[in-house]
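Q: Here's a structure for you.
The values are calculated or read from the model by the stated rules, or taken from the named source; none is laboratory data. These figures come from a predicted structure and were not determined experimentally. Note: ideal-geometry Cβ built from the backbone for every residue, glycine included; neighbour counts use all protein chains shown. Surface accessibility is based on the protein's heavy atoms, side chains included, excluding ligands, DNA and RNA. Shrake-Rupley method; radii C 1.70, N 1.55, O 1.52, S 1.80 Å.
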Amino acid sequence: MLFYLITRRQAFHVKSPNPDESLSVIDTRDVIVGLRGRSGGERRKECVGEENWVDSRTIYIGHKEPPPGTEAFIQQRFPDNRIVSSKYTFWNFIPKNMFEQFRRVANFYFLIIFLVQLIIDTPTSPITSGLPLFFVITVTAIKQVGDVVFVKENETFPCDLILLSTSRDEGVCYVTTASLDGESSHKTYFAVQDTKAYNTEQEVDSIHATIECEQPQPDLYKFVGRINIYMDNEPVARPLGSENLLLRGATLKNTEYIYAVAIYTGMETKMALNYQSKTQKRSAVEKSMNAYLVVYLFILISKAFVNTVLKYVWQADPNRDEPWYNDRTESERQRHIVIRAFTDFLAFMVLFNYIIPVSMYVTVEMQKFLGSYFIMWDDEMFDEELGERAVVNTSDLNEELGQVEYVFTDKTGTLTENNMEFIECCVDGHVYVPHVILNGQEHEELFFRALCLCHTVQVKEEETVDGIKQGIHQGKSTSFYISSSPDEVALVEGMKRLGFTYLRLKDSHMEILNREDEIERFELLEVLTFDSVRRRMSVIVRSSSGQLYLFCKGADSSIFPRVISGKVEQVKARVEHNAVEGLRTLCVAYRLLSPEQYQEVCHLLSGAKLALQDRDKRLAEAYDIIEKDLILLGAYRCGGQVGGGTRLQEKAADTIESLHKAGMKVWVLTGDKMETAAATCYASKLFHRNTQILELTTKRTEEQSLHDVLFDLSRTVLRQHGGMTRDTFSGLSGDCTDYGLIIDGATLSAVMRPPQEDSNSGNYKEIFLEICRNCSAVLCCRMAPLQKAQIVKLIKASKEHPITLAIGDGANDVSMILEAHVGVGIMGKEGRQAVRNSDYAIPKFKHLKKMLLVHGHYYYIRISELVQYFFYKNVCFIFPQFLYQFFCGFSQQPLYDTAYLTLYNISFTSLPILLYSLIEQHINMDILKKDPSLYRDIAKNSLLRWPIFIYWTILGVYDAIVMFFGAYFLFDNTTFTSNGQMFGNWTFGTLVFTVLVFTVTFKLALDTHYWTWINHFVIWGSLIFFVVFSLLWGGIIWPFLNYQRMYYVFMQMLSSGPAWLSIILLITAGLLPDVLKKVIWRALWPTTTERIQNADKLYKGHLSEFTPLASLQSKAGSQRRGSGGQRNVPNPRRSEPFSKKTMFTRWQRTPDYCTFTPLLRFADGARNSRQGYAHGGQTSV
Amino acid sequence: MGKAKVKSGPLARRPDNSAFKQQRLPAWSPMLTANTVLPFFYFMALICMLLGVWLLLTVQSTQEMKLDYTEAGSCNLCYIKRQNASNAAQSCTCSVMFSIQKAFKGDVFFYYGLKNFHQNLRRYMDSRDDGQMVGRKRNLKNPSSYCQPFDKDQTGVPIAPCGAVANSIFNDSFTLSYHQPGSYRVRIPLLRRGITWYTDENVKFRNPKTENLTLAEVFKDTARPLYWQKPVYELDPDDPTNNGFINEDLIIWMREAAFPNFKKLYGVLNRADEVFAKGLPAGNYTIDINYNFPVQYFRGRKEVVLTTLTWFGGQNHFLPVAYLVTSSLILLLAVVLTVIWWKFGKAGKNMQE
């Protein structure tokens, strides 16, 4: 379970196919046919596009050379099909983990230390620290690409394939990509037109073609290539797109078999690339860690330097340099002084290198990886409806969840439900709802046919899928409409109820059952697919009468500008009316094409499609030309299932409120119209009734210049906030004005525009940011997907560098999910793209609350302790060794035995902290959820600030001094056994080491606030392990070792009474300051966390049953007495005063209140607040 | 929590509802508040105080006498003689007189001490072959390279025991005598056996297997260490079982001291003699020294130490004092904490909130 072990069948595993064989079966399950063959034909001369060939590759199907006369047959070498798609496997965990570590700041350092140990005579053995550094790279045989592959139903594709032919006549096959992107719906893939007839082995063998395609790219949904088929010496070029590309990992369904040709194999498959290419996001904690590391590196170097200098000062006395009892060898004497000094410096570096803990990186990695399981295991984040639990895609960011300051959320599907149903349509201004008799107008028939045809819905028979499914004939047959967009399903469903049933797509013909139960057939010629930039889609069909139609549907804003006739005004009025009610309205238009026009369209499209470079751009241009001169038919709208309103997701309002209370700023980014979005924002408690709304929209900027509006707004905002004291501000108190900002996409792009030459326009960005900082909620509407990312980037780059989180469910949210520090995907109904690109995925928006407030909080607390503790324990470890140099003539004599040096970080002190960092809970999770303001206690990386780091370091140095000098004075030229025998240096080191191990372990025990049986087991267990190990290590004359220095040392030490007494004394003295600091701080300057711990203790763990009340706050100020003095103590680390008052100030009045009354009060309060929740819960608009 | 795990349908991916996975393991949550810590502090202060007083009394009951003989008495001549390395082969004896005011009761331990002798230099410490010392035949003829330059003599014969540590063994020897009042000097009998760690003597240091050979035959083809006057198998002419690697003086020397000032056990008073049955009586003593070990090169000092021991060891005031200091520190802190608790805890209820 330690490793993401994903094993795949090793499909290609052939060394080198015999060139004489025309057919070689390679794998027992996937029959792969390697074909070699005859040649002939001539390569076509002209290319469709003048591409840069550097970025493409050519594949020879069946390894057949291109016909003579064309460019030379260049055998390219492609990787074999072995895939290591896991981050770690069983055997590579340690080396690969090490390798991962080396990429960081420390990499250079560890390598140097190791090399130094190899080269010079050093105090510690290179084997102990160098052993894990090696790992073997197995070079595997290289395998050619171009094999033709035969795959049967329900088999998984072994690599990325281009579909040549299938068992189905239409040349299509159905595939589920559930294991790739989680979408379990069947997708249709198409064979290349010219090869689809070749569906036996012999026929396939006769294909002679080459494929040119782009170099491997990680994008699963993009593929650009073309195939050149040599038929009768006549080359034919055909475009290849993602609809021809079968991805490794996907499974063949509903199709008996296929033939396909491999183009990307092994680590070049899109699946493999996707595992690799996840951009590394770094957390704030990691940045702090690296900063600490630099400090320690500096300490290390100065230690080594100081010691080297002192060594030569000390040795300036010739008698010390080489006393008679310690003669050098001849070669040592001849070495130059500079070289000797440098060698000494390096030796000191090696001696002290443990101060920078290699094991910390390993432990942090393990903590993150194992810790992320708690998110996946969380039952409260499991959604019964979807049957999904939270998913962690990147465990690197767990603690970042506790640091979020800005939340950017998508609206539809994230805040609101996305259960779409067709509600009404409007043709030429006449409104229709389902089940109404139609009155046969001219445009009406066309409108409904347009709706029946202009979509990408598939009909799925039998077999259950957990995507979107709607029975065509409920109860009777199990056929479903499947689409990646719920809108389209709703639409086709709605059409069915209006009498037009879409039956299926067969042989490129769409079949419709009209109201007279007649089947109409339309030949589907082209699909101009939907994209979020155009915000529309089109189909070109040929009716049975031979008429060519282009049907186009899309957002009102994208259709109206392209309409030349139709009852625009009426439709527009209706659309606007709908928008106010928060409904999604789409417009439908058509265009009649003459055969000539159609030819032109075909030419345009095929030109664009054949392009290998910039295909998307060319296609967009082509679409732009084709979708014009439309005639408006009407509009239709879909909405949530209940009533006519958009339903909020379960507990969305509660979640947003909690996030607000936790000090996060919530921004809603949506493509919807302002009115729709604003209504949702009110419903979801993003805006309250008393929120003052600031508008920064095109409507306003039309009246005033953007400049004026911005300055106006900033003045309003700043005036208010300038007059407020810090104490009254809490973001949730009712009496101060809250600001909410609404901005639309157009204005935003105006704001983002780089400042003009004339300086009076100023830097709008800054002013805008200033306004935003002072608004608790911001709504951005009419946003293009890229703008979403832009906004996130803008905030990320602002001067405080806040931690941002983006959450969304659709493909249009991917850009912002990737941009934000933490990207969260919702397992919504608009496909899995958001989930795939996210760092974390949750079933519902409401789960964000627990994810941030509980998991985020815990992870942050845990990892910050982990980091601080690691540095602390290594200071304790190495500083005595540094001090010892002053007593051993700076000769680099290690204080501890090699075994102790090696195992200290690996086994004696590693497990307790790892366990702590996995299961520590400083506050009960129910309280964390109930009182979001606790989240502020850890805001701004507060546990990894420099003062805390310095405190830990000083504590470490103090402990080291106590341990070293305590033992030193004990050893000071006296006997401490009753039989007069003396102890040597190894006993001294062992004594220090024993105190060390106990002290650092007890220090962790003191910090542990959540003692489960596992903690007891691990903490006491690791101490026992140390003792047992020491007994064993010193109990045997080790046969293969040349030194026996530790023999019986530990036992002799334990046989001495004073040793025991001093161990106990030194541990006590070492821990005393920390205990004292804890007690005093808790008494005088408690953090909110500590207050809550106290209160929780007082109520014996029942505190979580009482909800903290915001209303208590106003009273709290007056009730507070006797605390004024304490408050004046400057203490920047402790939590801000306002967070103190959230709950427990109540007990400050008199001791009597502690016993009974508050209970009642709390119970009272809880009831009130629950009513409050109920009241604002699921308001629909 | 269905034990049968009927996991199918939409709940197939439901996480286990176990206390561990849901992070709801029952736990004990102690807190360091004044309330919990104060009683502990007072308790600790008391315990440390008692221990400190007890240890102090114990330490007071021990006696110790140190005598620096580097240049004392007639040893002055020897000191000068040893300054010249060419005189190394010549023997030099001297004697120092001292007196004991108060009788040493019980077992008396005789140590020699060195100052400013760094047994803890890294190269020096490593310059030994434990494999050889434990009696491995291979190592006897093939000393570890760590022993360089003391691994082989000029003719290439392996040295046994090899290395700088063995080579620099402390080779002064002492004879202690007591001036019996109104009578002649009595030689003080010292037990020179049983002064090493039992495990060192019996396990860690072994002579190579003899197989009916004499020690001299076993060590044939090895050279004695450069600075030694006698080969290893003739270290103790009086006791044949105390020769070779198991010679106790050698074993004691081989346990390298942690600091440059150290002492090592030389012998224990044999109380079988009637005069010394109760220890060393007060009076005048003479110590005759066979002065061999040169210390002036490294500005070292040599001394002898006589001491009595308790269960607690020798005269070490550190531990009792440390206990007393810690005790009073804890007490002080406890009082301060009590004041804080009294003042703020009672008034502001900060402690219990």
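Q: List the pairs from A:Lys287/A:Lys796; B:Lys105/B:Lys302; A:Lys796/A:Lys1078 whose alpha-carbon separation is above 27 Å, in the order I gave them.
A: A:Lys796/A:Lys1078
Q: Let me ask something else about it. Can you list the equivalent-ellipsoid semi-axes of segment B:67-318, largest first and in whole Å, using the square root of 5 times each Cα gyration tensor eigenvalue?
A: 33, 21, 18
Q: Percent relative contact order of segment B:67-318, based on C-alpha pairs within less than 8 angstrom and at least six residues apart?
A: 38
Q: Quick one: accessible area per residue over segment B:245-325, 1.4 Å probe, rounded to a whole number of Å²?
A: 29
Q: Could you work out the local net charge near A:Ser798, counting Lys and Arg as +1, Asp and Glu as -1, over the other residues with Cβ closer than 13 Å to its Cβ?
A: Local net charge: +2.
Q: Here's a follow-up. Compute the distance in nm between two label points, each set 7 Å from the Cα along the Cα-to-Cβ direction, one at A:Val1027 and one at B:Lys230.
A: My value for the distance between the label points is 4.4 nm.
Q: Please give the total accessible area that chains B and A bury against each other, computed with a 1.4 Å probe and expressed in Å² to the nearest 100.
A: In total, this chain pair buries about 9600 Å².
Q: What's the ranking of A:333-341, A:250-258 by average number of surrounding C-beta atoms within 10 Å, highest first? Kindly include the intermediate steps, with their values, before the conclusion.
A: Values: A:333-341: 10.4, A:250-258: 19.9.
In descending order of packing, they fall as A:250-258, A:333-341.
Q: At 222 nm, what value in deg cm²/dmol follows for chain B if DSSP H runs of at least 4 each add -39500 (n - 2.57) and the sum is divided by all its residues, to the nearest 500? Mind showing how you got there, number by number?
A: Working: 9 runs with 86 residues, N = 353.
Rounded to the nearest 500, the figure is -7000 deg cm²/dmol.
Q: Return one number: the angle in degrees, 0 to 90 and rounded to the nearest 10, between the long axis of the Cα atoms of helix B:318-340 and the longest principal axis of the Cα atoms of chain B.
A: 20
Q: A 18 angstrom limit on the alpha carbon distance is what I want to check against. Which of A:Lys368/A:Lys940; A:Lys846/A:Lys930; A:Lys1077/A:Lys1097; A:Lys788/A:Lys844 exceed it?
A: On the way: A:Lys368/A:Lys940 20 Å; A:Lys846/A:Lys930 14 Å; A:Lys1077/A:Lys1097 20 Å; A:Lys788/A:Lys844 21 Å.
Beyond 18 Å between Cα atoms: A:Lys368/A:Lys940; A:Lys1077/A:Lys1097; A:Lys788/A:Lys844.
Q: Mind grabbing the accessible area of A:Lys567 for me, 1.4 Å probe, Å², rounded to tens?
A: Only protein atoms counted, so the area is about 90 Å².
Q: In Å, what Rg and Dmax follow from the Cα atoms of segment A:810-862?
A: Rg then Dmax for segment A:810-862, in Å: 11.5, 35.
Q: Please give the contour-minus-distance gain from A:Phe1040 to A:Ser594: 0.36 nm per residue of separation, less the Cα-Cα distance, rounded to one decimal in nm. Provide the component values of the computation, followed by the final result.
A: Numbers: separation 446, 0.36 × 446 = 160.56 nm, distance 9.23 nm.
Fully extending the segment from A:Phe1040 to A:Ser594 adds 151.3 nm.
Q: Name the residues of segment A:299-328, by number, that are at least 50 Å² less accessible with every protein chain in place than in the isolated chain; the surface is that of heavy atoms, probe 1.4 Å, without ligands or nucleic acids.
A: With the partner chains in place, segment A:299-328 has these residues losing at least 50 Å²: A:Asn319, A:Trp324, A:Tyr325, A:Asn326, A:Asp327.
Q: Follow-up. How about chain B: what cysteines have no other cysteine beta carbon under 4.7 Å from their own?
A: Isolated Cys, chain B: B:Cys48.
Q: May I ask for the angle, rounded to the nearest 10°, between helix B:34-60 and the longest principal axis of chain B, with both axes built from Cα atoms and the value confined to 0 to 90°?
A: Long axis of B:34-60 versus the principal axis of chain B: about 20 degrees.
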